[in-house]
1. Which whole number gives the average, over all residues in B:277-288, of C-beta atoms from other chains lying within 10 Å of the residue C-beta?
2. Give the angle, between 0 and 90 degrees and rounded to the nearest 10, that separates the Cα long axis of helix A:226-237 from the longest principal axis of the Cα atoms of chain A.
3. Helix B:251-263 versus the longest principal axis of chain B: what angle, 0 to 90°, nearest 10, using Cα atoms?
4. Using only the alpha carbons of chain B, determine the length spanned along each of the three principal axes and report them from longest to shortest in whole angstroms.
5. Using the Cα atoms of the protein assembly as shown to build a convex hull, what is its mean projected area in square nanometres?
6. Over segment B:209-335, how many percent of alpha carbon pairs lie in each 10 Å bin up to the one with the longest distance?
7. Would you mind calculating the relative contact order of chain B from Cα pairs under 8 angstrom and at least 6 residues apart, reporting the percent as a whole number?
8. If N is the number of residues in segment B:1-97, what value comes out of its Cα radius of gyration divided by 2.2 N^0.38 Å?
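No lab work stands behind these numbers, since they all come straight from the coordinates. Here the structure is a predicted model, which is why all the values come from computation and not from measurement. Cβ atoms come from the backbone with ideal geometry, glycine included; neighbour counts cover every protein chain shown.
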DNA sequence: TTGCGCACTGCCAGCGCTGTCAAATAAGGC
DNA sequence: GCCTTATTTGACAGCGCTGGCAGTGCGCAA
């Protein structure tokens with residue numbers, strides 16, 4: 001009674017062969033309008049749901065795509081997940097979320113295990129998994145479709161959804177320069193994230209475009225999190241000729257810098273401007289709210305899902321718009 | 001070549017029947033040590049992975065559990081996910097993450113569809129899905145095992161993993177009272193989240209235990225997010241006899257309150273103490289860092305996974321410890 | 001010597017679907 | 001009206017595994 005009905009029971013009640021029910025479920029043609037209606041009615045009445053396992057086993061598709069991630073930012077993960085999941089659900093697919101250690105020597109075999117076990121139809125890679133070239137090679141070899149979100153390397157190859165990190169970083173830097181800042185520091189993120197390099201490049205390019213010499217002493221490395229951002233800011237603020245603005249590679253590090261400023265009784269933005277990148281929850285939760293770049297994470301993920309599912313050209317690339325969000329953490333340079 | 005090997009190929013190479021390979025894979029007894037070794041060797045060499053779909057179809061278990069959530073907090077979701085996922089992976093299960101609208105009239109049928117499609121072995125419910133009684137009833141009827149994380153109602157029934165919200169709220173309130181505060185306001189969260197009520201109850205109980213009369217004017221409702229927390233704080237701070245401390249039902253609302261204080265040039269904690277609840281990322285990212293209750297989200301989820309997978313008594317309950325995190329957002333009451 | 005229990009192994013049905021192909025029926029052409 | 005072609009339907013194998021059961025070979029008691 002409470003156990004699930006099968007396709008055969010549906011067919012018996014509808015008075016057709018079970019193959020016909022299968023046709024209706026899969027929206028195949030060559031089913032008369034009348035038969036289709038009758039079957040659909042029984043399906044609805046019995047609340048029948050085809051067994052995913054059986055379809056996967058019998059057919060050549062599993063209606064499942066995997067999402068690989070290795071990113072400790074809850075905000076980023078959350079939006080990647082919801083973006084991809086929404087689109088997948090709409091298109092009748094299931095999304096398998098798979099956290100994974102992108103640095104592990106077993107990365108490739110772990111992913112292949114996942115693929116073999118679940119008969120995945122495709123894979124969405126989010127940074128930094130996007131940069132695991134050994135994995136990409138293996139996927140190519142198996143010709144398993146995959147899309148990369150914000151890839152850093154091999155940008156020309158395969159499918160991807162990205163934003164223009166260089167342009168965004170330039171825009172943010174231009175905003176600071178426009179406010180009169182000349183000594184602009186950068187807290188750069190993890191090397192393993194390709195976008196870190198792009199953001200640095202954009203920062204540097206914009207400085208140069210304005211004839212401001214690039215000063216390596218003003219670039220400090222951190223690890224994409226609050227604590228390392230705070231530490232980097234402490235380092236920057238002890239410089240003899242200290243910067244009037246700090247551009248952090250993401251919002252977490254910017255929040256860390258902000259905390260350092262508070263600690264040192266430096267007023268933001270009166271004495272020091274601080275900008276972030278991502279427009280995560282944090283950007284609006286700290287005080288003052290952060291000037292930052294809104295990264296369309298949700299949309300990137302949903303575009304990625306779209307790309308992989310709607311069988312487009314195997315090397316389609318989508319670029320989405322970022323947006324400079326000017327808030328209260330940046331202001332005119334002090335004189 | 002690149003396509004997955006099957007159990008039959010493994011058996012052929014190992015020189016045994018494919019049923020024996022199946023026995024090895026499932027760790028059944030009645031396989032001689034030598035045969036087992038030989039099979040395992042071939043499995044490793046071929047990198048064989050049993051098809052999940054086939055096992056599900058043939059067997060009576062799917063080795064899959066679902067995690068249902070409907071919570072807009074990236075931080076919370078992230079930790080629930082990773083906690084549950086880790087434990088599931090360790091125990092050889094796959095975790096299916098399923099966001100769902102707990103208010104939808106189709107909730108029950110949506111979940112049943114998921115169960116029927118994927119042959120789920122069990123379900124982990126996180127708040128506020130834990131309170132969907134129609135769903136719980138249906139799961140009971142089908143006798144599908146489920147665990148609830150931090151259930152609010154029917155606490156005595158079934159399996160659950162929770163913390164003591166009442167005790168935690170009392171502890172936090174006691175901390176504020178200990179600092180000399182007497183006019184302590186509360187920003188309470190969404191009614192749909194059962195823990196909101198518990199936290200309010202704990203706050204109230206502790207006040208009364210100290211002979212401080214409960215003042216309904218000091219309790220303002222908000223919606224668990226930054227913006228509504230900020231608005232609630234604005235309301236509280238315009239009171240003629242304004243509170244010296246605000247206890248917010250979660251960190252997001254506390255961060256909102258903090259922003260309101262900054263806006264109004266009220267010094268925290270010198271003129272106003274603010275406390276949160278959860279110890280999310282936010283708690284350490286804002287300035288000053290929030291005094292809050294550390295909620296063991298990760299551990300709760302992992303305990304929930306443990307409960308559902310290790311076939312314990314059908315009404316086991318696990319309670320985990322919270323911890324008061326005293327940081328800089330609370331201080332002695334101004335006089 | 002036979003019998004019996006036990007540890008191990010293999011055979012086969014069948015889980016609930018899809019793919020293939022053949023059969024049945026309807027529609028069109030003369 | 002008869003044959004051809006298109007449309008709709010059904011029969012059946014088989015996807016890769018597990019469950020049940022029927023062996024097979026061995027040691028040990030009778």
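1. Values: counts 0, 0, 0, 3, 11, 5, 0, 6, 16, 8, 10, 3.
Mean partner-chain Cβ count within 10 Å for B:277-288: 5.
2. Taking Cα atoms only, the helix is inclined about 20 degrees.
3. 30
4. Projected onto the principal axes, the Cα atoms of chain B cover 85, 39, 33 Å.
5. Values: hull surface 137.7 nm².
Mean projected area of the Cα convex hull: 34.4 nm².
6. 13, 37, 27, 14, 7, 1
7. Working: 634 pairs, mean separation 56.8, N = 335.
So the answer I get is 17 percent.
8. Working: Rg = 17.4 Å, N = 97, 2.2 N^0.38 = 12.5 Å.
For segment B:1-97, the normalised Cα radius of gyration comes out at 1.39.
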